[in-house]
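The values are calculated or read from the model by the stated rules, or taken from the named source; none is laboratory data. Computed from a prediction, not measured in an experiment: that's the story for all the values here. Cβ placement follows ideal geometry from the backbone for every residue including glycine, while neighbour counts extend to all protein chains displayed. Just the protein is used for accessible areas: all its heavy atoms, side chains included, with ligands, DNA and RNA removed. Shrake-Rupley method; radii C 1.70, N 1.55, O 1.52, S 1.80 Å.
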Amino acid sequence: MLPVAFWEGRIVESCTESADGSLLFTLSVDPEHSPRCGRCGGDCALVHERGRRRVRDRDILDRPVWLDVPIQRMDCHHCGGRYAERLSWLETGDRFTRRVRAWV
């Protein structure tokens, strides 16, 4: 699938429709994206840990949208900590995107 910059730092890997009509977008890390520390915002190159999180995004044409997002914890050489990567569209630890928060 072609890279889509709708979710900065991530690209759409696949999209599936569930029985209730909701859409699930599975995202992967964009290899062109430079990850930033969630605490200080500095560039990070070392990934300490990888995980996934299911996140709710704003509806598309009255269909609920869910994202399966890869979450990376970075070893930051600027501040010396291990923090989740900073994403402009998702607060650290949230299960809702900023678009949903603004919409609600």
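Numerical summary
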read-out: Every residue from region 21-31 that is among the aliphatic types (A, V, I, L, M) and open to solvent by less than 20 Å² (accessible area, probe 1.4 Å); value: LEU27
read-out: Residue satisfying all of: in region 83-96; in contact with an Asp or Glu (Cβ under 8 Å, 6 or more places away or on another chain) and in a loop (DSSP other than H, G, I, E, B); nearest to CYS40 (Cα to Cα) among these; value: SER88
read-out: Given (1) open to solvent by less than 40 Å² (accessible area, probe 1.4 Å); (2) of a type in the set (A, V, I, L, M); (3) closer than 30 Å to SER22 by Cα, number of the condition ILE60 does not satisfy; value: (1)
read-out: Condition check for VAL100: under 15 Å from PHE6 (Cβ atoms), more than 13 Å from the chain's Cα centre (by Cα) and either touching a residue at least 60 places away in the same chain (Cβ under 8 Å) or open to solvent by less than 40 Å² (accessible area, probe 1.4 Å) (or both); value: yes
read-out: Residue match in region 68-82 (condition: in a strand (DSSP E or B), in contact (Cβ under 8 Å) with a residue 40 or more places away in the chain, open to solvent by 40 Å² or more (accessible area, probe 1.4 Å) and in contact with a Lys or Arg (Cβ under 6 Å, 6 or more places away or on another chain)); value: no
read-out: Residue that is farthest from TRP7 (Cα to Cα), among those in region 83-97 that are modelled with pLDDT under 90 and either open to solvent by 40 Å² or more (accessible area, probe 1.4 Å) or of a type in the set (Gly, Ala, Ser) (or both); value: TYR83
read-out: Residue match in region 32-54 (condition: β-branched (Val, Ile, Thr) and surrounded by 15 or more Cβ atoms within 10 Å (Cβ to Cβ)); value: no
